[in-house]
Amino acid sequence: MDRMKDRLDALWVEYREATPDPEVGPSFMPQMWQKIEARRVETTSVFRRLAQICVMAAVALALVMSAVLIPHNNFDEVFYSGTYVDALAAEHSNDYVDVFAAADLR
């Protein structure tokens, strides 16, 4: 167990030597944000730009379609004057009544 502890301590010492503590001062955070922003600008890829263009085109197309299609709808017209059952009753007559009436006569 002591041998593993010694190896771990040696690893920590090596790590501290490889990564020194940053200089902390009043300009530490602004410099860090400058580095972050510099990386963000560099990593703007073609795919991200293409995705932004596609999204904007889709929004523009949706607005144009809504501007063209909405005024052409006549909201004053009554499309449905009855229920689904009424439509079925008008479409299909009750043939069974005719069959039963004919059977009673024989």
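The values are calculated or read from the model by the stated rules, or taken from the named source; none is laboratory data. Remember, predicted model here, so these are calculated numbers, not experimental data. All Cβ positions, even for glycine, are placed from backbone atoms using ideal geometry, and neighbour counts span all protein chains on display.
Every listed requirement among (1) modelled with pLDDT of 80 or more; (2) among the aromatic types (Phe, Trp, Tyr); (3) surrounded by fewer than 10 Cβ atoms within 10 Å (Cβ to Cβ) is met by Phe75 save one, (1). The residue that is modelled with the highest pLDDT, among those in region 26-58 that are surrounded by fewer than 10 Cβ atoms within 10 Å (Cβ to Cβ) and of a type in the set (S, T, N, Q), is Ser45.
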